[in-house]
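Visitor: Please see the structure below; I have some questions.
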Amino acid sequence: MVLVIAGAIFYFTRDENSFFKETSLYNAVPVSVPLFVELNSLKSIPFDDPVLEKWVDVDKISGFTKWVQQLDSVIKENGDIQNGLRSERFIVALGLMGDKNLTPLVIQKAEGNGRKKSIEALSRVLFPEPEFTYSEIDYTGFRIVSGNTADNKKSINYCFTSGLVIASTNLVLVQQALLQLSEPGITKNPSFTKLTKSFESEPDIAWYVNQQLFPDFLLEFANSSSIVEMNEYGEEVKHNHYRSLQAFKKFASWNEMEAEFNDNDILLKGITVANDSANHFLTVFNGQEPQRSGAEDILPKNTSFYTSYSFSNKKLFFEKLEKYFFLAGSYYKREDLIGKMEADLRIDFKETFQAMVKNEMIVAVTNIPAETAQKTTYFIFDVNGKSKTENLLDSMLYNYALRKNQMLEDFKSVYSLNDKKEFTIIEFPFPSFPGIWLGKPFYTAQAKYAVFYKDFLVFCNTEDGLQNYLFNMEEGNKLGADKRFQRSKSNTGSKSNISSFINVGRCMNLTNELLSADLVKKIEKKKDILRRLHAANWQVGGGKEVYSNEISLIFDDGKPEEEEIAEIASTPGTVQEMGDSQTSWQCNIGNLLVTKPVFTINHNDKENREVVVQDKSNKLHQIGNDGTIRWSIEIGEPIMSEIFQIDYLANGKLQYLFSTKSKLFIVDRNGVNLEGFPVSFPSEATAGVSIFDYDNNRIYRYFVPCEDNKIYAYDKEGKIMTGWVFEGTKSKVTTPVQHFRVKGKDYIVFKDEHQIYIQNRKGESVAKTAAEFKNSRNPVFLTSSGSPKMLATSTKGVVYAIDFDGNFTETKIDKFDDDHFFRADDLNGDNSPEFIFIDGKEMTVTDESGTVLFTQKFASTIQHQPNIYRFGPKQKKIGIVDAKAGQIYLFDIAEQPHSGFPLQGATEFSIGKTTQSSKKLNLIVGSKGGSLYNYILD
C-alpha cells in the first residue's frame, strides 16, 4: 500500500521538479529501518489516479490520503508557512516499532530560521493546541519538541539539527535518527554505497529496501506452523514458510527501485546489490547474461504462479550454485539425499542432470483447490538434446528397475490424447529431487510423473495434471495467451535470469497456508479489495554484484474479463483456440466432479456470475467468474437435486437450495447454512427436492419423495406442511415432483413404477389416467402442442401423451432398453415437440409423430441425460456428454454440431455468460481429471 501511495506522489509531480541528491538526508536514516522512500516533493497531489481509486476504501489508505490532502492545503493557505515545504525533497524512513508496525520517520532539509519557523507553524496547525501539549526534551544534547494529547494516544516529535528536521509520531524513532548522525550509517555500508554509485540517472522517487531487515517485517504476517509430509525415503519433511522468509535475508544486500505509474499498472524498476563474500544467493547468477524465458510458451494458461531460472553459462551457474549450498549450512543433508538417489539410479546425479538441462528450469503451480496439498505442481526444463536426455533418463530408470526387481516398462504408460497423438508418461521414483537439487522455490514441485514435450522435460505431481498439461499445450492454451500475464509482462524487459509471475486471484486459496491466522481473518473481510491486485511479475537480471530488478504490478482496470479477452484477440496470435472455441480459464477442483456445474447470480455483483459444483468427496465449491475457488464446504453426501437459487429472506440476497438423500440444505452465498437448516428427512429421499413458488411471492414450498413411498411437503422454513393430505404412492418415486400451471390451475405431478399421479396443491387427486405402462426413469415433460399434455415414456420407449383430464394417446417410435434417456422439447420454434432418445451409444431424434429426423452414434455408452440449450427464439440445441471418452457434443435439429465441437469434458455442462455484458457465451464443464473448464463459444 505504501508503494502505491509513494508512486502516486511521484506520478503527479515528476515533471515539475528537478531532483538533487543530498546525502546528508541519508546520514539520519537509522540502520535499523528495513526500508525508506525518497520523494522529490509533496505538491499538487490529486488522488483520482486509477490505482489509488481502487484502494480508497481501505481504512489506512483513506486516512493517509486525507491527511496528505490536509497537509498540502495547510501549506498552501497559511501565509506563515513557506510554500517551499511543498516542493523540497524528503525521505520517509519506515521503522519497525512496537508490535513491529511500520512507523514513518520524516527527514528533510531545514537550514534557515524561516524554514524552521514554517515547520513549527505547520506542526501547530496539524497538531493544534490545546489538544496537544508541547514540551521540550533534552536528549544527549539534542532538543526534541514533543506534542502529546492528554491520553498520550497521539503525539508528534521533531528536532532541528545539522541542517535537518527529523520528525515522527514515535519518539524512539526520532531518538534513533539523532544517534545515527554520530554513528557510521548506511552511507558507510559498502553495499548501499555501491547501490547509489550505480545510478545511471537521478531517480525522482526511489524505494530502498534493506534485504537483511525487511524479511523481519514480513515475518509478522507469515504462518509460523509447519506442513509435515513424508518423502520417498520415509522421512518426515517439514515445510515452514516462516523460516523460508527468514532465509530470504540471504538473497541479497540492498535494493533500490524507482516507481512508475501507467494507468492501472505500477512498475518498480531498479537495481539490487549482492556480495559473494556474504554468500548471497543472487551471486549464483554472477556473470550470467539475461536470457529470454520460454515460460509463456511452455506453461499452461491456468498457471497460478511460477519461478524460472535461466542462464547463459550453465557450467558457471552450477559451480556457483554448489558453492552457495556448501556455505549455506544445509550442504551435508543435501549431499546425503543426493547420495541416496545416486545409489538407486547408479548415476552421478549432479553431472547427469546438469548434462540434461540446456539453459532454463521452471517450477510452476496451476490449480490450487481449497485443499492446497492437492495443488498441481510442475518442474520443467529445456533439454540439451532430446534423444540424449531420453537415453540418460532411460538408463537411470533401467538401473533403478534392476535394483527393485522390476522392468523398465513398469515405469512407463502410453497416454492417447486423441487418435493421432500419443505420449509416453514416465513414473519417476524420486519426486523430491527438484527441491533437493535446486533448493527454494523448487521444493514446491513434486516430480512424480514426467513426459517429453517438444524440447522440454515436464515433471508433475499427478498423472492427471500431466494429461491436462498435454491437452492444454496441444490446444494452444498457453500462459502467453493469458491477459493478466500479458499485461504484467508488457511492463518489463524481455530478458532476465530470474523470472516470477503470480496471478493473485488464482492463489487466494493459499492464504491459510502462507499467512498468519490474524491476517487471514482481515483478508477474509477485505478479499474483494485484495482481488483488485490482479497479478505481479518480478524479473532479475544477472551482473557482477549489481543486478537489474523489475517488479510489475497490475490492478483491476474495471473491464470485464471477457472484454479484455476480446481486446487481446484483436491482436493476431495472442489468443490460442480450441477448435473454434477458447478456454477463458481452468480450475482444478482436486476431485472428480459429480454434479452439473451451475451458473449462479452474485447478488453483490449481478454483472458477473459464479459457478457452483460438487465433487466426488461431497464438497460443494463456489467458483468466481475468474476461475478461483471462493469457498468449499463439506456436504457429507452426494447432492440428488438441482442446485436452486432462492430469495429466502425476501431482501434481494440469494441463497442456494438443494437436497441429499437425507437432508434439505439452504446455504448463503458464502457457504454458511441458514438458521434452521439443514432439515433432516423422515425417510431417505428417492429423488431430489423440488421447489415451487406458486404466486411468485417468495413463499416457497419444497417437495421430496422418500423411501417410505410418501411425498413430503415442506413450508418455507422447512417445516412439514399439515395441509398436504397425500397418503402415499404404491411404489417408489424416483424422479422429482413436478408443478405445471395449465389454464390458471396448479397441478402437482409425480410418478411411481406404474402410475402417474395428478394432484392439486393440497395433494388431492384431480385426474386419473387409464394409461397402464411401466414408467421409465425419465421425468414428465409438458407440451403445449394443441391442448397441453404431459409426455412420459415406458421402459420400452413408448411415448404416452396424457392430458390433465387423464386422457392419453401413445406413440411407438422404436424399441429401446429399460435404461434409455428421453427428453421432449421444441427445438425449432414450430410449437411441436421433438423427441430425443438416448439408448446406449446411440441418440435418436424424432418429430412428434415419431418420424426419425436423425441418429447419432457415440464412442461410449452415454451415462447422462441429454440437456437442451436455447440459442435463440427458434433455435435450441441438444447437449450430450460421452463421459468415458471425455468429450461433449452440441447438435441442432439438423444434426449439425456447434462450431468447434466436440470439446473435452466429462460432466453435464451449463451454457450462459460469466459476464453479462459479454457478447460471447461461456460453457462450463468438468473434465475427467477433476478440473472445471470455462470455454468461450461463438
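Visitor: Report, by residue number, each residue of region 351-403 that is within 19 Å of LYS340 (Cα to Cα), open to solvent by 10 Å² or more (accessible area, probe 1.4 Å) and free of Cβ contacts under 8 Å to residues at least 24 places away in the same chain. Before you say what the answer is, go through the steps one by one.
Guide: Residues of region 351-403 within 19 Å of LYS340 (Cα to Cα): 351-354, 392-403.
Now restrict to residues that are open to solvent by 10 Å² or more (accessible area, probe 1.4 Å): 351-352, 354, 392, 394-395, 398-400, 402-403.
Listed by number, the residues that qualify are GLU351, ASP394, TYR398, LEU402.
Visitor: Does region 637-686 hold any residues that are in contact (Cβ under 8 Å) with a residue 40 or more places away in the chain, part of a strand (DSSP E or B) and of a type in the set (S, T, N, Q), and which are they?
Guide: Matches in region 637-686: GLN645, SER659.
Visitor: Additional query: Within region 761-783, how many residues turn out to be farther than 27 Å from TYR700 by Cβ and crowded, with 17+ Cβ neighbours inside 10 Å?
Guide: 5
Visitor: I've got another one for you. With in contact with a Gly (Cβ under 8 Å, 6 or more places away or on another chain) and surrounded by 15 or more Cβ atoms within 10 Å (Cβ to Cβ) as the only criterion, which of SER659, SER690 stands out?
Guide: Working: SER690 fails: in contact with a Gly (Cβ under 8 Å, 6 or more places away or on another chain).
None of the other options fit; the residue is SER659.
Visitor: Which of the residues belonging to region 248-272 are basic (Lys, Arg) and in contact (Cβ under 8 Å) with a residue 60 or more places away in the chain?
Guide: Initial filter on region 248-272 (basic (Lys, Arg)): 249-250, 269.
Matches in region 248-272: LYS250, LYS269.
Visitor: Is it the case that LYS448 is without any contact (Cβ under 8 Å) to a residue 24 or more places away in the chain, over 13 Å from TYR306 (Cβ atoms) and either open to solvent by less than 20 Å² (accessible area, probe 1.4 Å) or not hydrophobic (A, V, I, L, M, F, W, C) (or both)? Show your work before the answer.
Guide: Working: without any contact (Cβ under 8 Å) to a residue 24 or more places away in the chain: yes; over 13 Å from TYR306 (Cβ atoms): yes; either open to solvent by less than 20 Å² (accessible area, probe 1.4 Å) or not hydrophobic (A, V, I, L, M, F, W, C) (or both): yes.
So LYS448 passes the test.
Visitor: Give the residue, chosen from SER860, SER785, that is farther than 22 Å from LYS730 by Cβ, out of contact with any Lys or Arg (no Cβ under 7 Å at 6 or more places or on another chain) and part of a loop (DSSP other than H, G, I, E, B).
Guide: On the way: SER860 fails: out of contact with any Lys or Arg (no Cβ under 7 Å at 6 or more places or on another chain).
Answer to the check: SER785.
Visitor: While we're here: Using beta carbons and a limit of 9 Å, which pairs, at least six apart or on different chains, have the first residue in region 590-617 and under 20 Å from ASP647 (Cα atoms) and free of Cβ contacts under 8 Å to residues at least 60 places away in the same chain and the second one part of a strand (DSSP E or B) and basic (Lys, Arg)?
Guide: THR600/ARG609; ILE601/ARG609; GLU610/ARG630
Visitor: Please tell me if PHE703 is more than 47 Å from the chain's Cα centre (by Cα) and open to solvent by less than 30 Å² (accessible area, probe 1.4 Å). Let's see the steps before the verdict.
Guide: Values: more than 47 Å from the chain's Cα centre (by Cα): no; open to solvent by less than 30 Å² (accessible area, probe 1.4 Å): yes.
In short, no.
Visitor: Which of the following residues is over 15 Å from LEU592 (Cβ atoms), out of contact with any Ser or Thr (no Cβ under 9 Å at 6 or more places or on another chain) and part of a strand (DSSP E or B): TYR889, TYR935? Steps first, answer last, please.
Guide: Details: TYR935 fails: out of contact with any Ser or Thr (no Cβ under 9 Å at 6 or more places or on another chain).
After applying the criteria, what remains is TYR889.
Visitor: If GLY718 satisfies all but one of (1) within 30 Å of HIS820 (Cα to Cα); (2) without any contact (Cβ under 8 Å) to a residue 60 or more places away in the chain; (3) part of a loop (DSSP other than H, G, I, E, B); (4) not β-branched (Val, Ile, Thr), what's the number of the condition it fails?
Guide: (1)
Visitor: If you check GLU895 against the conditions, is it open to solvent by 10 Å² or more (accessible area, probe 1.4 Å) and modelled with pLDDT of 90 or more?
Guide: It is false that GLU895 is open to solvent by 10 Å² or more (accessible area, probe 1.4 Å) and modelled with pLDDT of 90 or more.
Visitor: Which ranges mark the helices (runs of 4 or more DSSP H) fully within region 500-614 that have 3 or more residues being open to solvent by 20 Å² or more (accessible area, probe 1.4 Å) and modelled with pLDDT under 80? Please lay out each step first, then the result.
Guide: Numbers: elements: 511-514, 517-525, 527-530, 561-569.
Per the criteria, 517-525, 527-530, 561-569.
Visitor: Oh, and also: State whether one or more residues within region 623-636 are in contact with a Phe, Trp or Tyr (Cβ under 7 Å, 6 or more places away or on another chain) and either basic (Lys, Arg) or assigned to a strand (DSSP E or B) (or both).
Guide: no
Visitor: Might you let me know whether region 692-710 holds any residue that is among the charged types (D, E, K, R) and touching a strand residue (DSSP E or B) at 6+ places or on another chain (Cβ under 7 Å)? If you could, list the steps in order and put the result at the bottom.
Guide: The initial filter retains those residues of region 692-710 that are among the charged types (D, E, K, R), namely 693, 695, 698, 701, 707-708, 710.
Imposing the further condition that a residue be touching a strand residue (DSSP E or B) at 6+ places or on another chain (Cβ under 7 Å) reduces the set to 701.
Yes, that holds for at least one residue.
Visitor: What is the residue count in region 795-833 for residues that are crowded, with 17+ Cβ neighbours inside 10 Å, under 21 Å from LYS876 (Cβ atoms) and out of contact with any Pro (no Cβ under 7 Å at 6 or more places or on another chain)?
Guide: The number of residues fulfilling the criteria is 7.
Visitor: Going by what's in this entry, would LYS358 be described as basic (Lys, Arg) and in a helix (DSSP H, G or I)?
Guide: Details: basic (Lys, Arg): yes; in a helix (DSSP H, G or I): no.
No; evaluated as a whole, the condition is false for this residue.
Visitor: Would you please name the residue that is least open to solvent (accessible area, probe 1.4 Å), looking only at residues in region 863-886 that are among the aliphatic types (A, V, I, L, M) and part of a loop (DSSP other than H, G, I, E, B)? Full working, then the answer.
Guide: Applying the first criterion (among the aliphatic types (A, V, I, L, M)) to region 863-886 yields 868, 878, 880-881, 883, 885.
Retained after the next criterion (residues that are part of a loop (DSSP other than H, G, I, E, B)): 883, 885.
Details: ALA883: 19, ALA885: 42 Å².
My answer is ALA883.
To keep it simple, each residue is scored yes or no on (1) among the basic types (Lys, Arg); (2) farther than 23 Å from LEU39 by Cα; (3) open to solvent by less than 40 Å² (accessible area, probe 1.4 Å).
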{"position": "ALA222", "(1), (2), (3)": "no, yes, yes"}
{"position": "SER225", "(1), (2), (3)": "no, yes, no"}
{"position": "ASN231", "(1), (2), (3)": "no, yes, yes"}
{"position": "ALA247", "(1), (2), (3)": "no, yes, no"}
{"position": "ASN264", "(1), (2), (3)": "no, no, yes"}
{"position": "ASN275", "(1), (2), (3)": "no, yes, yes"}
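Visitor: Of the residues LYS323, LYS333, which single one is farther than 30 Å from GLN614 by Cβ, within 36 Å of the chain's Cα centre (by Cα) and part of a helix (DSSP H, G or I)?
Guide: Just one listed residue meets the conditions, LYS333.
Visitor: Tell me, which residue of region 594-630 that is within 14 Å of the chain's Cα centre (by Cα) and among the small types (Gly, Ala, Ser) is farthest from VAL672 (Cα to Cα)?
Guide: Result: GLY627.
Visitor: All but one of (1) touching a helix residue (DSSP H, G or I) at 6+ places or on another chain (Cβ under 7 Å); (2) on the phi < 0 side of the Ramachandran plot; (3) surrounded by fewer than 16 Cβ atoms within 10 Å (Cβ to Cβ) hold for LYS154; which doesn't?
Guide: Going through (1) touching a helix residue (DSSP H, G or I) at 6+ places or on another chain (Cβ under 7 Å); (2) on the phi < 0 side of the Ramachandran plot; (3) surrounded by fewer than 16 Cβ atoms within 10 Å (Cβ to Cβ) one by one, LYS154 breaks only (1).
Visitor: Kindly indicate the residue of region 639-676 that is hydrophobic (A, V, I, L, M, F, W, C) and in contact with a Leu (Cβ under 6 Å, 6 or more places away or on another chain) and also nearest to ALA687 (Cα to Cα) among those meeting that condition.
Guide: Filtering region 639-676 for residues hydrophobic (A, V, I, L, M, F, W, C) gives 639-640, 643-644, 646, 649-650, 654, 657-658, 664-667, 672, 674.
Of the ones still in play, those that are also in contact with a Leu (Cβ under 6 Å, 6 or more places away or on another chain) are 644, 646, 666.
Values: PHE644: 15, ILE646: 20, ILE666: 17 Å.
Applying the filter and picking the extreme gives PHE644.
Residue-wise test of (1) at pLDDT 95 or above; (2) more than 27 Å from the chain's Cα centre (by Cα).
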{"residue": "THR376", "(1), (2)": "no, no"}
{"residue": "THR389", "(1), (2)": "yes, yes"}
{"residue": "LEU408", "(1), (2)": "no, yes"}
{"residue": "VAL414", "(1), (2)": "no, yes"}
{"residue": "LYS421", "(1), (2)": "no, yes"}
{"residue": "ILE426", "(1), (2)": "yes, yes"}
{"residue": "PHE430", "(1), (2)": "yes, yes"}
{"residue": "LYS440", "(1), (2)": "no, no"}
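Visitor: Oh, and also: When you look at ARG143, is it of a type outside the set (A, V, I, L, M) and either assigned to a strand (DSSP E or B) or on the phi > 0 side of the Ramachandran plot (or both), yes or no?
Guide: Working: of a type outside the set (A, V, I, L, M): yes; either assigned to a strand (DSSP E or B) or on the phi > 0 side of the Ramachandran plot (or both): yes.
So ARG143 passes the test.
The values are calculated or read from the model by the stated rules, or taken from the named source; none is laboratory data. It should be emphasised that the depicted structure is a prediction, and the values quoted were computed from it without experimental measurement. Note that we place each Cβ from the backbone using ideal geometry, even for glycine, and neighbour counts take in every protein chain shown. Ligands, DNA and RNA are excluded from the accessible area calculation, which covers all protein heavy atoms including side chains. Shrake-Rupley method; radii C 1.70, N 1.55, O 1.52, S 1.80 Å.
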